[in-house]
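Notes follow once the structure below has been shown.
Nothing in this text is a laboratory measurement; each read-out follows from the coordinates by a stated rule. Everything numeric in this text was worked out from a predicted model, so none of it was measured. Glycine also receives a Cβ, built like all others from the backbone with ideal geometry; neighbour counts cover every protein chain displayed.
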Number of protein chains: 2
Amino acid sequence: MKILVLGGDGYLGWPTALHLSALGHHVTVVDNLVRREYDAEMGVDSLVPIAPLEERVARWDDVSRRRIDVRIGNLTDAAFTYAVVAECAPDAIVHFGEQRSAPYSMIDREHAVYTQVNNVVGTLNLMYAIAEINPDIHLVKLGTMGEYGYPDIDIEEGFIEITHKGRTDVLPYPKQPGSFYHLSKVHDSANIMFACRVWGLRSTDLNQGIVYGQSTPESDLDPVLATRFDYDGVFGTVLNRFCVQAVMGHPLTVYGAGGQTRGMLNIRDTLACVTLALETPAAPGEFRVFNQFTESFSVREMAQMVKRVSSKPVQIAEGLHNPRVEHEEHYFHAANTKLLDLGLEPHLLTDEVIAGMLELVERHKDRVDVDAIAPTVQWRASASTLKTANASSDASFLVV
Amino acid sequence: MKILVLGGDGYLGWPTALHLSALGHHVTVVDNLVRREYDAEMGVDSLVPIAPLEERVARWDDVSRRRIDVRIGNLTDAAFTYAVVAECAPDAIVHFGEQRSAPYSMIDREHAVYTQVNNVVGTLNLMYAIAEINPDIHLVKLGTMGEYGYPDIDIEEGFIEITHKGRTDVLPYPKQPGSFYHLSKVHDSANIMFACRVWGLRSTDLNQGIVYGQSTPESDLDPVLATRFDYDGVFGTVLNRFCVQAVMGHPLTVYGAGGQTRGMLNIRDTLACVTLALETPAAPGEFRVFNQFTESFSVREMAQMVKRVSSKPVQIAEGLHNPRVEHEEHYFHAANTKLLDLGLEPHLLTDEVIAGMLELVERHKDRVDVDAIAPTVQWRASASTLKTANASSDASFLVV
């Protein structure tokens with residue numbers, strides 16, 4: 001299959017590109033390299049060093065004797081997007097090419113507008129390019145479980161049957177996204193669902209949980225092939241942060257009661273799910289939604305797991321001020337059977353997996369910037385002070 | 001009250017500005033005059049001549065001895081939006097300032113992207129300006145009944161109680177918008193609902209039906225104060241088109257079976273509803289949704305009403321190719337009690353109202369361009385030929 005991986009220089013895009021290439025697909029990575037610019041803007045960096053894209057691709061060629069093509073450009077530039085789709089003539093497009101940090105989108109007006117325009121316009125251009133060049137292309141789009149928010153009923157996969165005043169219909173599941181980033185994904189999903197209806201496009205929307213881990217069969221082959229491990233307050237995710245704090249001898253920072261429950265998955269399952277979606281494409285005109293996570297944990301449970309597995313003594317600091325506006329104890333029961341039905345065999349969050357993450361941090365601990373962990377973006381303020389503006393002592397995140 | 005009317009040069013914005021001014025409010029019209037540019041782009045014009053904005057405002061001063069202030073600029077320009085909100089210090093903002101034509105948004109990629117960026121970014125800038133300058137400002141935002149689409153269950157006002165697998169929650173009503181324009185309104189509503197939640201903004205979302213009529217107490221005072229009457233295939237609405245066709249001796253063009261049912265309201269009720277929303281503002285943090293229509297009719301019923309009222313013989317041409325992707329017979333039962341509860345006394349679509357519209361067309365029949373009525377934008381195509389490109393004979397809309 002000829003596959004475009006949009007955002008193929010990012011945390012998940014890169015190992016997905018490697019994985020699809022290893023499976024024998026003809027992969028083209030499309031990226032504008034902006035993920036590297038966000039690091040510069042925020043004054044943070046991946047725990048694991050990230051090689052330049054050309055070096056990554058050359059090393060993959062050396063290691064695997066397989067070629068990954070690269071196109072550098074911006075999806076919001078319609079001429080670029082049309083040219084890539086026309087010239088590469090893909091059978092499928094995996095779309096990771098969006099700004100994907102909730103805190104980044106909440107920094108201030110500029111970042112909110114940037115996130116929504118970048119994500120929505122890039123995806124609109126892509127939809128039109130597919131419709132006008134080859135409507136048969138299967139669009140596999142990355143969304144997030146956060147699109148649903150935290151309703152007090154079970155979360156279904158994209159749609160829900162509602163009986164109301166004696167009548168019944170199956171309707172799009174109501175969404176309650178929790179940041180301008182999450183909202184951009186909801187906007188995208190609505191736009192794509194419409195394009196499937198009016199133009200007969202085929203698309204799979206993967207509502208992904210929080211991904212942890214950094215090890216995949218292909219990226220482990222050589223340090224130059226490694227993907228990112230983000231632990232900072234803007235692009236990092238909770239389990240990564242806890243592992244870094246544990247290794248650095250810091251209390252694990254649990255916001256509020258820590259009862260926030262999230263769907264999670266191992267990075268290897270991201271690759272497996274994308275592959276399963278590609279191998280069994282949506283039908284023409286079909287907009288299907290898969291919830292892509294394998295387990296769910298509360299923040300408190302994750303802290304306790306890291307504490308249990310860590311060989312060093314670990315303190316858990318609960319009750320810290322929560323920068324987000326969210327319920328800290330809530331119902332969470334979400335369906336995730338569609339990918340299992342396609343054959344997904346989950347990699348679960350075992351003690352060994354956490355031990356592997358702790359070991360990774362230990363190996364790179366000289367690169368850790370503990371100040372980068374504190375949350376600097378406040379949901380309740382329309383403009384937040386960036387971490388870079390006045391990063392100070394470790395104590396800062398204990399008194400936020 | 002100090003009130004900004006965004007889009008105050010448009011079809012509904014202008015008579016709303018007049019009405020609020022007549023009630024004694026201090027009104028500032030904010031507009032970028034782009035509605036006039038769309039006419040030039042499409043090669044169409046309002047049936048009723050529209051005076052320049054400065055002339056309208058001067059005449060209103062003459063007639064009423066009341067001043068309406070004007071600020072010309074674009075809401076997507078954040079500096080402009082912040083300056084207007086800061087300098088005018090409004091108590092409330094009525095937001096009509098968006099691209100509001102579904103066919104216009106469906107012309108091609110450029111128009112779809114323009115519509116979503118213009119509407120979403122303008123509204124984001126406005127939300128941030130309110131949050132940072134005065135979160136107490138009441139934002140009255142115009143949405144559309146078309147946001148809901150046509151589900152097979154009753155449509156509620158913004159939210160619905162869902163019981164699912166033994167649990168119950170009140171969630172945002174699922175939306176199935178039918179064009180990139182309608183999608184932009186759904187995106188806006190989701191963004192504003194979020195801003196109310198995290199920043200405590202107060203907002204009323206008016207999901208308006210199709211507005212008919214052109215006569216209001218204030219705009220009738222002088223021809224220079226008149227508002228638009230659009231009947232063309234891009235900006236015109238169905239009842240206006242039927243009235244123009246009846247007067248010009250053309251068959252009324254009903255798409256498909258004509259069973260498409262729409263919530264409708266008289267332009268005078270738009271003014272009344274906006275006024276009621278302003279007089280009883282949303283509470284801080286509240287995002288409330290009112291369905292703003294008074295009656296519902298199928299397209300077929302509207303054609304029959306025009307035929308019955310017209311003094312000339314009228315033919316109805318059913319079964320024409322529908323340019324939109326929609327069910328032509330569908331369930332439609334939508335709640336609209338919240339504005340009635342606030343005291344709305346509807347102006348219904350009586351024979352006299354239709355007779356008045358026919359008379360208006362008769363008076364301006366020398367300005368009618370019958371070629372402009374044909375639908376030129378096709379939902380199933382990602383790019384449509386504009387009316388201006390090759391407008392030909394009357395026959396064109398009988399064979400589309």
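Potential lengthening of the chain between residue A:110 and residue A:283 amounts to 58.4 nm, from the contour at 0.36 nm per residue minus the alpha-carbon distance.
With label points built 7 Å along Cα→Cβ from the Cα atoms of residue A:1 and residue B:165, find their separation and express it in nm. Result for the modelled spin labels: 2.8 nm. Electrostatic tally near residue A:121: other residues with Cβ closer than 12 Å to its Cβ, Lys and Arg +1, Asp and Glu -1, net -3. Inter-chain neighbour count for B:144-155: the average number of beta-carbon atoms from partner chains within 10 Å of each residue's beta-carbon is 3.
Peptide A:176-183 shows a mean partner chain C-beta count of 4 within 10 Å per residue C-beta.
Charge tally for residue B:272 (other residues, Cβ to Cβ under 14 Å; Lys, Arg +1; Asp, Glu -1): -3. A simple spin-label model places the labels of residue A:37 and residue A:83 1.7 nm from each other, with each point 7 Å out along Cα-to-Cβ.
Between residue B:154 and residue B:369, the C-beta separation translates, for a Förster distance of 51 Å, into a calculated FRET efficiency of about 0.80.
Normalised by the number of residues in the range B:2-398, the average gap of Cα pairs under 8 Å and 6 or more apart makes the relative contact order 20 percent.
Spatial offset of the range B:329-382 relative to the range B:199-247 amounts to 8 Å, using the alpha carbon center of each. GNM, chain B, Cα, under 10 Å: largest mean-square fluctuation among B:116, B:176, B:99? So, out of B:116, B:176, B:99, the one fluctuating most is B:176.
Tell me which lysines have Cα within less than 28 Å of residue A:185's Cα, excluding those fewer than 8 residues away on the same chain? Excluding near neighbours in sequence, the set is A:2, A:141, A:175, A:338, A:387, B:141, B:165, B:175, B:185. Among beta bridges identified by DSSP and lying wholly in the range B:2-398, the antiparallel ones come to about 20 percent.
For residue A:78, neighbours were defined as the other residues whose beta-carbon sits under 13 Å from its Cβ, and their charges (Lys and Arg +1, Asp and Glu -1) total -3.
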